[in-house]
């Protein structure tokens with residue numbers, strides 16, 4: 001009654017009895033429990049880490065990371081059992097198990113006996129039972145496979161001198177949380193927690209690293225991994241939407257066999273959120289296909305049967321890769337929990353969920369050539385170094401085993417262990433496939449070679465001969481040194497050679513390439529971090545340069561990537577290109593990406609590739625002001641789905657969302673037929689609006705489309721020869737040129753003010769309030785021109801589409817210079833033209849046009865592409881706008897600003913309703929001023 005009464009269904013959102021209020025309370029509670037779980041995992045991991053690494057120098061740990069990994073394994077064991085107990089997937093009905101081997105029994109004892117002993121013995125006993133299982137009378141405990149609970153995974157925990165309080169504290173930290181009223185602790189209900197919450201745990205753990213101190217080894221914040229790699233937990237509604245939109249077309253009207261034959265991969269899987277969502281979605285589709293084919297009725301399928309289906313999907317359809325071993329371990333845990341059956345061991349997933357760098361590796365095509373720098377076409381006149389039949393022989397030896405691993409069930413522990421043995425055999429160092437992996441490592445390592453670890457590119461063929469036959473042209477000692485260096489680099493960089501790791505996605509059983517090779521779908525939320533070395537302290541920048549330089553050399557010259565710009569690269573760009581390469585023709589792509597893919601100038605080559613080689617069907621854009629991801633609230637991101645192997649026809653867009661829950665309203669019909677996507681854009685439209693860059697503006701409604709298209713039709717781009725042919729650029733760099741800066745001194749005529757972005761306001765530059773100055777002679781030498789001797793239009797670089805206004809411009813006075821946070825006009829234009837442009841730049845209409853195309857920076861490419869009228873097109877309004885800009889440079893005048901905006905709206909032929917729409921996009925501008 002509380003949830004279904006008329007009052008609940010119709011009550012106001014803020015009424016305590018309304019259904020929406022109940023849902024909000026539930027969400028708030030779930031978020032609080034999730035935070036408690038994260039805090040508990042940190043506390044438990046830190047305590048266990050301290051216990052495992054204690055004991056003095058007589059018991060050294062190989063490394064802090066080794067101790068951390070073992071402590072996490074123990075934490076994962078407890079988490080796994082808590083989830084399993086909450087779902088009655090272990091024999092809690094039996095008193096012996098319930099009272100002696102359950103985490104719940106340990107929790108009760110921990111709460112009742114603060115200083116009791118035997119806690120490590122209890123955890124070891126639970127792990128042994130889960131690992132080996134047992135049959136004793138009526139008690140049947142199904143053994144799990146050896147990965148998670150094997151004693152060999154945690155040798156440090158086998159010591160007998162471990163601190164019992166650490167184990168007791170871990171049990172309490174993971175099974176209870178502080179009560180909301182602050183009075184004691186209460187149990188965490190793991191039945192109400194989804195497996196997806198492990199993603200939040202993973203995201204939190206990335207921020208911590210083990211550190212040794214006077215009081216022992218602890219976890220401390222500051223690893224910087226999460227921020228540095230742009231790795232974030234994806235909320236469940238987003239993962240489910242991407243999976244539904246990406247995989248839906250593949251399962252629509254598909255047979256059960258076709259669904260089981262799909263191969264879905266997440267190349268940056270993190271804790272497995274997308275794979276869990278894909279597992280559930282495919283299982284549901286498979287169930288419906290069985291019913292549709294008449295093989296069963298809906299009433300025949302209970303929870304037991306549905307779990308069996310999910311296990312099949314996980315074992316046969318899903319693949320994942322991640323650079324972080326901790327993520328891979330947690331992804332396996334997530335998949336095990338999502339497919340856990342009471343009477344079955346954990347599925348063997350080692351061959352499907354792997355550790356590696358998805359971006360670094362070699363394809364077999366590249367192994368035919370030495371790793372020399374090549375053109376991005378990848379063409380070479382050199383003869384192949386290796387016979388393709390040799391590779392096919394290795395594949396013929398491995399593929400039958402790979403196919404049997406997916407076809408054989410995981411119903412008994414014997415079957416699982418047989419799979420472990422079979423996989424170990426084909427991945428053994430002396431196996432044929434492993435030899436080709438070593439050759440691929442040599443090829444990739446050549447790009448990362450250094451004087452202390454040389455792997456000469458010229459020696460590649462000879463080293464390959466040594467690996468394959470044991471003989472070669474190089475002296476044995478030299479060859480061994482080069483091969484050892486290559487293996488060390490491969491281990492450090494975690495090279496991942498896709499065709500050799502997942503050959504069944506690319507080759508038939510006879511070792512020949514598939515006619516339509518690749519995965520059926522590539523899904524995920526890849527890292528968004530910039531690959532650069534110009535931030536942080538000097539020593540940090542130096543270390544980063546050493547690490548990044550070979551990575552950039554590889555991505556730009558090795559031939560695997562052809563759509564990267566010459567500017568700063570972002571890792572997501574590489575992942576998009578990798579996704580295109582991994583997807584078969586007709587396969588699907590579904591990714592979460594920063595909005596830079598749509599609008600950044602540096603992503604233009606990638607956009608062209610994406611739109612030419614993929615049929616992008618839908619883009620959903622999000623503003624982050626609600627903190628969907630723990631990044632700056634002004635950053636936007638998007639969800640993109642596409643089909644590989646065909647050019648884009650039309651993209652259904654829904655932009656400007658801020659709540660992932662809104663995705664639940666998106667239907668399953670094609671985006672071009674769905675009213676949920678209010679805007680449809682085509683490549684032809686993008687070319688009209690953005691030129692060859694094919695920028696995808698933030699068009700949220702048909703009104704936005706009408707305004708943008710009309711502006712592009714009316715006026716040429718600012719930087720076009722048919723327009724003002726204007727070019728902007730930077731002058732000084734505040735970091736690189738700081739040695740030439742002096743404190744500002746108005747009495748020194750030989751020194752020029754140094755203007756920064758913060759000194760620019762709309763229409764005005766505060767050149768008299770700068771903190772720094774530079775000698776006129778130094779300025780002339782550094783700038784290699786005398787442009788700074790005359791007034792010139794300038795605008796701020798750093799801005800945001802969510803600020804009060806985005807494009808902030810002023811005419812700089814003569815005899816001043818600016819830093820890299822300001823872009824200055826380089827084209828010599830008359831003063832009247834510069835004031836006219838200044839007026840346009842600061843107008844709300846042009847700001848609106850800019851906001852359609854920016855993230856956090858207003859680049860020169862964006863400004864030079866703006867449709868701007870010339871003086872011949874409207875001479876009277878040209879003079880009026882220039883005069884108002886001069887007036888507003890002298891003083892604030894709201895009436896003059898309003899007149900200027902009205903003039904600009906008339907220039908762009910906006911109707912009254914369109915102008916009102918533009919003004920409504922500036923909520924931080926006062927109502928009076930907008931009028």
Quiz item: In region 177-186, which residues are surrounded by fewer than 13 Cβ atoms within 10 Å (Cβ to Cβ) and in contact with a strand residue (DSSP E or B) (Cβ under 7 Å, 6 or more places away or on another chain)?
Solution: 179
Self-check item: Residue among 869, 894 that is at pLDDT below 95 and out of contact with any strand residue (DSSP E or B) (no Cβ under 7 Å at 6 or more places or on another chain)
Solution: 894
Quiz item: Are any residues in region 801-832 in contact with a helix residue (DSSP H, G or I) (Cβ under 6 Å, 6 or more places away or on another chain), without any contact (Cβ under 8 Å) to a residue 60 or more places away in the chain and farther than 17 Å from residue 889 by Cβ, and if so, which ones?
Solution: 806
Exercise. Evaluate the following for residue 854: is it touching a helix residue (DSSP H, G or I) at 6+ places or on another chain (Cβ under 8 Å) and in a helix (DSSP H, G or I)?
Key: no
Quiz item: Residues 749, 766: which one is within 23 Å of residue 806 (Cβ to Cβ) and free of Cβ contacts under 8 Å to residues at least 40 places away in the same chain?
Solution: 766
Quiz item: Looking at (1) at pLDDT 95 or above; (2) within 29 Å of residue 892 (Cα to Cα); (3) over 36 Å from the mean Cα position of the chain (by Cα), which is the only condition residue 728 fails?
Solution: (3)
Exercise. Counting only residues that are under 18 Å from residue 148 (Cβ atoms), touching a helix residue (DSSP H, G or I) at 6+ places or on another chain (Cβ under 7 Å) and not assigned by TED's automatic domain parsing to the domain that holds residue 413, give me the helices (runs of 4 or more DSSP H) lying completely in region 39-137 with at least 1 of them.
Key: 64-86, 103-112, 119-132
Self-check item: Every residue from region 905-926 that is touching a residue at least 60 places away in the same chain (Cβ under 8 Å) and part of a loop (DSSP other than H, G, I, E, B)
Solution: 908, 909, 910, 921, 922, 924, 925
Quiz item: Got a sec? Which of 576, 616, 628 is part of a strand (DSSP E or B) and in contact with a strand residue (DSSP E or B) (Cβ under 9 Å, 6 or more places away or on another chain)?
Solution: 616
Quiz item: Hey, does region 296-318 have a residue that's touching a strand residue (DSSP E or B) at 6+ places or on another chain (Cβ under 6 Å) and under 30 Å from residue 360 (Cα atoms)?
Solution: yes
Self-check item: When residues of region 463-502 are limited to those that are touching a strand residue (DSSP E or B) at 6+ places or on another chain (Cβ under 7 Å) and either under 14 Å from residue 443 (Cα atoms) or without any contact (Cβ under 8 Å) to a residue 60 or more places away in the chain (or both), the one surrounded by the fewest Cβ atoms within 10 Å (Cβ to Cβ)
Solution: 488
Quiz item: Just checking, which of 420, 504, 480 is under 35 Å from the mean Cα position of the chain (by Cα) and more than 15 Å from residue 397 (Cβ to Cβ)?
Solution: 420
Quiz item: Applying the selection to region 793-813, what residues are surrounded by fewer than 23 Cβ atoms within 10 Å (Cβ to Cβ) and within 16 Å of residue 828 (Cα to Cα)?
Solution: 811, 813
Practice problem: Might you check whether a residue that is under 27 Å from residue 692 (Cβ atoms) and either surrounded by fewer than 23 Cβ atoms within 10 Å (Cβ to Cβ) or assigned by TED's automatic domain parsing to the domain that holds residue 765 (or both) occurs anywhere in region 876-889? | Solution: no
Self-check item: Residues satisfying the stated conditions in region 631-656, i.e. modelled with pLDDT of 95 or more, closer than 16 Å to residue 702 by Cα and in a strand (DSSP E or B)
Solution: 651, 652, 653, 654, 655
Quiz item: Looking at residue 173, is it surrounded by 14 or more Cβ atoms within 10 Å (Cβ to Cβ), within 23 Å of residue 330 (Cβ to Cβ), within 34 Å of the chain's Cα centre (by Cα) and in the same structural domain as residue 38 (by TED's automatic domain parsing)?
Solution: yes
Quiz item: How many residues does region 210-236 hold that are under 23 Å from residue 70 (Cβ atoms), at pLDDT 70 or above and either touching a helix residue (DSSP H, G or I) at 6+ places or on another chain (Cβ under 8 Å) or assigned to a loop (DSSP other than H, G, I, E, B) (or both)?
Solution: 9
Practice problem: Kindly provide the set of residues from region 780-793 that are in contact with a helix residue (DSSP H, G or I) (Cβ under 9 Å, 6 or more places away or on another chain) and in contact (Cβ under 8 Å) with a residue 40 or more places away in the chain, ordered by number. | Solution: 782, 788, 791, 792, 793
Quiz item: In region 732-746, which residues are in contact (Cβ under 8 Å) with a residue 60 or more places away in the chain and touching a strand residue (DSSP E or B) at 6+ places or on another chain (Cβ under 7 Å)?
Solution: 732
Exercise. Being outside the structural domain of residue 644 (by TED's automatic domain parsing), assigned to a helix (DSSP H, G or I) and at pLDDT 90 or above narrows it down to one of 481, 544, so name that one.
Key: 481
Quiz item: Among (1) surrounded by 13 or more Cβ atoms within 10 Å (Cβ to Cβ); (2) under 22 Å from residue 70 (Cβ atoms), which single condition is residue 109 missing?
Solution: (2)
Quiz item: How about region 138-196: which strands (runs of 3 or more DSSP E) wholly inside it have at least 2 residues that are more than 19 Å from residue 106 (Cα to Cα) and in contact (Cβ under 8 Å) with a residue 40 or more places away in the chain?
Solution: 139-141
Practice problem: Considering each residue of region 668-686, count those that are in contact with a helix residue (DSSP H, G or I) (Cβ under 9 Å, 6 or more places away or on another chain) and not in a strand (DSSP E or B), and give that number. | Solution: 9
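The values are calculated or read from the model by the stated rules, or taken from the named source; none is laboratory data. These figures come from a predicted structure and were not determined experimentally. Don't worry about glycine lacking a Cβ; one is built from the backbone with ideal geometry, like all the others, and counts go over all protein chains shown.
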